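Peer 1: Sending over a structure as structure tokens; questions will come in a sec.
The values are calculated or read from the model by the stated rules, or taken from the named source; none is laboratory data. Model, not experiment: these values are computed from the prediction. Here Cβ is always computed from backbone atoms with ideal geometry, including for glycine, and neighbour counts include all displayed protein chains. Surface accessibility is based on the protein's heavy atoms, side chains included, excluding ligands, DNA and RNA. Shrake-Rupley method; radii C 1.70, N 1.55, O 1.52, S 1.80 Å.
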Amino acid sequence: MESTRIYDYTKYHPMDEIYKWMEDVERENPELVSSAVYGRTFEGRNITLLKFGLQNPEGKEKKVIWMDCGIHAREWIAPAFCQWFVKEIVTSYKTNKKLEQMLQNLDVYVTPVINVDGYMYTWVNTTAIAALVLTSTEILMPTGERLVCHLTVVQTHTVGKKPGKMVNQTLCFLTIHSAGQLILLPYGHPQISAPNYDELVSVGKAAAAEMKKLHGMGYTVGTSPQILYPNSGSSRDWARLVGIPFSYTFELRDKGEFSHLLPEDQIKPACEEAYAGALSIITYVHDKTFNSGAIPSAAVSGVAMVMLSSFMVVFLTTGVLL
């Protein structure tokens, strides 16, 4: 584990260093970590995830936690956090019994940089940090959706007939962004609420409380229309719409002083508080599922999803409630 221990998690890294770090993490933790290429960018680069999980001692089916970072290429603190999150997992699971238990019941999928083309562009053209760049990434999700990810835009269209098995197993979807110090929950439309809205708020506020304990930074919890602005096309909304019960967007530091140009001396505290928040949510989801004996329904049927998607398209386009 030597190479991953000496990796500097308090610096921003270019894509080639992140790829090499991912290889080292997998090689040095074979009992815990595997990798998969699940998409190709517009410019032909691999989109790679790391999967973290231990064998379930009873041979039971495991559930899934999803985390992605760097869908908006200029938000460098997001990939830095995914790397920090991985570090915390691989360095503590052997001594943290609770984390070990969760990894026996859950597989955690982490994509450190999902918009590889855009991220690489920001390293060679610094104007991309402050301006929209039409670099795109296309991802074929396990659910049969193809995501087209621009620097600040995400679009989806269905390429399969029904959700894949993975979405049926997924309990929690976390997408990491900056800035604003927000924990956003579905939905982006001001007149639509998630069916478990109250629970999403409660779990989000508990995470924000854990985050504040570390460095005193406050994170506001709510839907985008409540605390930011109405929006559409977010992966957070998509995840909840297809039936993943817990779906959040983390908007990391800060509140405007540096915005997307967060200085490197803030990487460590920003990642420490974000890890506390993410772990709070993951722990709640795990305990609700495996300690209560009641497993949340993580998906709707293929037919129901098509009907619901059609309903949402009509409603959000016309404002007419059918």
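Peer 1: What is the log10 of I(q)/I(0) for region 15-291, computed with the Debye formula using one identical point scatterer on each Cα and no solvent, at q = 0.13, 0.14, 0.15 Å⁻¹?
Peer 2: Taking Cα atoms of region 15-291 as identical point scatterers yields -0.85, -1.00, -1.18.
Peer 1: I've got another one for you. If R0 is 51 Å, what FRET efficiency do you get for Glu23 and Glu58 from their C-beta distance, rounded to 0.05?
Peer 2: 0.95
Peer 1: Heavy atoms only, 1.4 Å probe, whole protein assembly: order Ser232, Ser35, Ser292 by accessible area, highest first.
Peer 2: Numbers: Ser232 105, Ser35 55, Ser292 75 Å².
Descending accessible area places them as Ser232, Ser292, Ser35.
Peer 1: Each label point is 7 Å from the Cα along the Cα-to-Cβ direction; what then is the distance between the points at Asn231 and Glu272, in nm?
Peer 2: About 2.8 nm separates the two model spin labels.
Peer 1: Moving on to the next point. Students often get this wrong, so check it: of Lys63/Lys98; Lys20/Lys255; Lys97/Lys205; Lys60/Lys288; Lys212/Lys255; Lys268/Lys288, which have C-alpha atoms separated by over 21 Å? Don't skip to the end; give the middle numbers.
Peer 2: On the way: Lys63/Lys98 16 Å; Lys20/Lys255 32 Å; Lys97/Lys205 25 Å; Lys60/Lys288 16 Å; Lys212/Lys255 14 Å; Lys268/Lys288 30 Å.
Violating the 21 Å limit, Cα to Cα: Lys20/Lys255; Lys97/Lys205; Lys268/Lys288.
Peer 1: Across region 90-106, in residue order, what do the Karplus-derived ³J(HN,Hα) couplings come to in whole Hz, using 6.51 cos²θ - 1.76 cosθ + 1.60 with θ = phi - 60° and x for Gly and Pro?
Peer 2: Running phi through 6.51 cos²θ - 1.76 cosθ + 1.60 with θ = phi - 60° gives 6, 8, 10, 5, 6, 10, 9, 5, 5, 5, 4, 4, 5, 6, 7, 9, 10 Hz.
Peer 1: While we're on this one: Pop out the ³J(HN,Hα) list for region 31-46 in order, Karplus 6.51 cos²θ - 1.76 cosθ + 1.60 with θ = phi - 60°, rounded to Hz; leave Gly and Pro as x.
Peer 2: Computed from phi, the couplings for region 31-46 are 6, 10, 10, 9, 10, 8, 8, 10, x, 10, 6, 4, 8, x, 8, 6 Hz.
Peer 1: Just how much of Tyr19 is accessible, in Å², when a 1.4 Å probe is used and the result is rounded to the nearest 10?
Peer 2: 60
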